[in-house]
Amino acid sequence: MPPRRPAYPRSPSRRSPRRRSPNTPISRSSLRPATSPLATSLFTTRAWFRSSASFSPLTCSTRWSRFTTTRRRPLRFAGATSSSKPAEPRGARMTRTELTDPGMPRMIPATNWRWPYRGSTFEEFLGSRPEEAPVPVPGPGEVIARVEAVSICSSDIKVARMGSDHPLFRDGATADTVLGHEVSLRVHAVGADHRNRFHPGQRLGLQPAMRIGGERRIIGMDLPGGFAQYLVLGPEALADYVFEVPDSLSAAEVALLEPYGCIERAWRPNARTSFLDGGRALVVLGPGAEKFSLAERPGWTEVAVLGDGTHPAFGSDAQRITEIGAARFDDIIALGDLAASELGALFDALRPGGLLLQARKGPSPGPVPLDPARIHYEALSLLGTTETDIATALYPDRRRFDVRPGGVALVHGAGGAMGRIHVHRLLELERGPATILASSRKGKRLADLESDFGPLARARGRTLVVVEMEALLQAVAEHAPLGLDDAVVVAPEAQAIAAAAGLLAPDGLLNVFAGFPFGRRIPLDLAAVAISGMRITGSTGCSVSDMLGVMDRVLSGDLDPSTNIKAVAGLRALPSALEAVASGQVSGKVVIYPGQPEIPLTLLKQAWSRQAERTMLP
């Protein structure tokens, strides 16, 4: 269980909501245009938000186009079009119930607007409508949380395109869920078992990728997530995957803790760097295996040996096998100059979280067809050495995970939201690369990279080179003639990984950040891991610790994630927002505010500040 964060006092700058009698008319003076340029471009009046929606930690009144107290004509936003507006649902009804239960709010919303996904195509999902469902009452081990904000991730679009074929859906599972996993939450109601820890109005961050019964379960993927006004947090989520956040952070900043945490996780130790005590091991003896030694045998419970001859390091009690077959192993040690096909078979024989250590002195046998999805999703560890003592493969200088200080790094596919965050991190990193190549397709995303991060690069004394995909080879030849020190692949194309690997220096690091369907093999020189010290890593998701580290940097002022917020919208504009991200119309993050469903997709011309959000969410 992560350490509980201390309670934070409510920010004194957050103003209490104005309360208006249902019979009080709206005067024309209350509809004067806002004087702030940002507020003027974002919405017509600030007063309309205050009069049309109430907000407090213990109540939530959600308004669509008709209101239960008084009918008001909602104002249009700049850039809104009727074509992006689905059929208007009925306004949310509020049921006032007198309760003495301290874990329940005094105002119980009768409905919860949610946008379900049931395995349709992406185009069908864009044409679907939100559904009205009752707001659930928490069970003893549950908490009902109101979704303050949810940001769109490219994974949401990937799931909508792949449906049940997405790698993170459980085998045979049918897609019937609510997407949205980058969320800012506020506790609405608390089950009896958690009254000592949670209370209505408390703000929470969420790390959505959980392990339940040994299986990966994800809120916002195979469990209902944040494209809704309320969601249910079960006992597993409450035990290890939520943490308290202060009122001083905006809802958008809290939602972005998860994607920024994923970028941090990508550059931290994300795979094993030692043998697994109690694990199952395979030792493969190839030509020249006798040249290598291991001083101390690891604490494996089972050891199998494949190949001709014997090796003194693994004793006579090892099981001799003649083929791997369907067997899978936690640790595999490949001794000697194995062929490319043999290395490929060993890679396939790794269990999730497995480690493959090569020890060889001969030349590379050439590329090996590997499945990059296994590197990304299954935390495989690939290590190697040419030294006699194979334990040297486990030394820190042979298992680098972060970028080389002062080197040249490539963010391949930097134009999207996650690629932009990688660029942002490398520019802010104290011991980061001297030169960053940011590749993207032609168009608006290239220009946005330069305009958004060029000033930061100059302020940090770094060189930022924004380059089209077609000109990447020339840019690498100019800025890294000996090869790249690091390359992270964000573009969701398997061949982009092979292309980036071909641009690395002999001891460069390849980070497989983008996810792919399993089975799309690409050629990689796996023997280079042993021969030249090449590193191949990958990761998915993040931990609560990663998110807390990002939050501390935001609170201290060392990191401003608002750089990557490019648009805001209400829940009703979700299809327009998804389409804008998928088409590249929006380069950075789109933040959805489910509690303000009237907001159309609105592109921001200035940074989305805490004050702008508080003005919109009175």
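The values are calculated or read from the model by the stated rules, or taken from the named source; none is laboratory data. Computed from a predicted structure; not experimentally measured. FYI the Cβ positions are ideal-geometry reconstructions off the backbone, even for glycines, and counts take in every protein chain you see. In case anyone asks, the SASA skips ligands and DNA or RNA and just uses the protein heavy atoms, side chains included. Shrake-Rupley method; radii C 1.70, N 1.55, O 1.52, S 1.80 Å.
Equivalent-ellipsoid semi-axes (√(5λ), Cα gyration tensor) for segment 402-538, whole Å, largest first?
Its equivalent ellipsoid spans semi-axes of 23, 17, 13 Å.
If a paramagnetic tag sat 7 Å from the Cα of ASP240 along the Cα-Cβ line, which residues of segment 174-206 would have the backbone N under 16 Å from that point?
206
Starting from the Cα of LYS605, draw a straight line to each of the lysines and keep only those under 16 Å, dropping any in the same chain fewer than 8 residues away.
Cross-link targets: LYS444, LYS566, LYS589.
Subtract the Cα-Cα distance of THR301 and ARG211 from 0.36 nm times their separation in residues, and report this length gain in nm to one decimal.
Extending this stretch completely gives an extra 29.9 nm.
Determine which lysines satisfy two conditions relative to LYS361: a Cα distance under 18 Å, and not lying fewer than 8 residues away in the same chain.
Hits, sequence-local ones excluded: LYS291.
Please arrange SER562, SER556, SER128 by accessible surface area, largest first, computed with a 1.4 Å probe and ligands excluded.
Of SER562, SER556, SER128, the descending order of accessible area is SER556, SER128, SER562.
Would you please give the FRET efficiency between GLU470 and GLU387, computed as 1/(1 + (r/R0)^6) with r the Cβ-Cβ distance and R0 = 51 Å, to the nearest 0.05?
It comes to 0.80.
Using a 1.4 angstrom probe on heavy atoms only, work out the carbon and sulfur share of the accessible area of segment 429-548 in %.
Result for segment 429-548: 53 percent of the exposed heavy-atom area is carbon or sulfur.
Just to confirm, what accessible area per residue do you get for segment 402-538 at 1.4 Å probe, in whole Å²?
Heavy-atom accessible area per residue stands at 37 Å².
Mean 1/r over all different Cα pairs, inverted: what Kirkwood radius does segment 280-397 give, in Å?
Hydrodynamic radius (Kirkwood, Cα only) of segment 280-397 equals 14.5 Å.
Per the 1.4 Å probe, what fraction of the accessible area of segment 280-397, in percent, lies on carbon and sulfur atoms?
Carbon-and-sulfur percentage of accessible area, whole number: 52.
May I ask you to compute the full-extension gain from PHE518 to ARG195, defined as 0.36 nm times their residue separation minus their alpha-carbon distance, rounded to one decimal in nm?
Full extension of this stretch gives 112.0 nm more.
Please give the FRET efficiency for GLU430 paired with GLU131, using the beta carbon to beta carbon distance and R0 = 45 Å, rounded to the nearest 0.05.
Calculated transfer efficiency: 0.40.
Calculate, for segment 280-397, the solvent-accessible area per residue in square angstrom, rolling a 1.4 angstrom probe over the heavy atoms of the protein chains.
41
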